[in-house]
Amino acid sequence: MSSSDAIVVANTDRVGLVLVNLSTSTIYLGLSGRYAVLNSGITITPNGGTWTMDEYTFNREKVSGIANTTNSIVAIQEFTSI
């Protein structure tokens, strides 16, 4: 992810989201449909850093990510109401 890419697309049925950084690079997130920006915003640290959507960050829009290296891997657990 050397440019801002969608990690998860918008989902009106989303009720929760957990992202785990499985790569050796740092990943930065953009919430509510916004682009992710290097060295800015929510940061997921390398090798297992985890971010969990909570009541303050909850949204059903696209979540974007960008990393300081290419080929970063993110594990995704999205919870839905269906």
(request) Give me the distance in nm between label points sitting 7 Å out from Cα along the Cα-to-Cβ direction at SER81 and VAL18, one decimal. (result) 2.2
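Consider all pairwise Cα distances in the chain and report the whole-number % of them above 15 Å.
Taking all Cα-Cα pairs of the chain, the fraction more than 15 Å apart is 50 percent.
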(message) Can you give me the % of accessible surface on the chain that is carbon or sulfur? Probe 1.4 Å, all protein chains present, nothing else counted.
(response) 51
(message) Only four residue types carry charge here, +1 at the Cβ of Lys and Arg and -1 at the Cβ of Asp and Glu. Report the dipole size of the chain about the Cα centre in Debye, rounded to the nearest 20.
(response) 140
(request) Be a star and scan the range 6-39 for residues whose amide nitrogen sits under 17 Å from the point 7 Å along the Cα-to-Cβ vector of GLU55. (result) 15-17
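The values are calculated or read from the model by the stated rules, or taken from the named source; none is laboratory data. A quick note: this is a predicted structure, and the numbers were derived from the prediction, not measured. With ideal geometry, Cβ positions are generated from the backbone for all residues, glycine too; neighbour counts draw on all protein chains shown. Heads up: the accessible areas ignore ligands, DNA and RNA and are worked out on the full protein's heavy atoms, side chains in. Shrake-Rupley method; radii C 1.70, N 1.55, O 1.52, S 1.80 Å.
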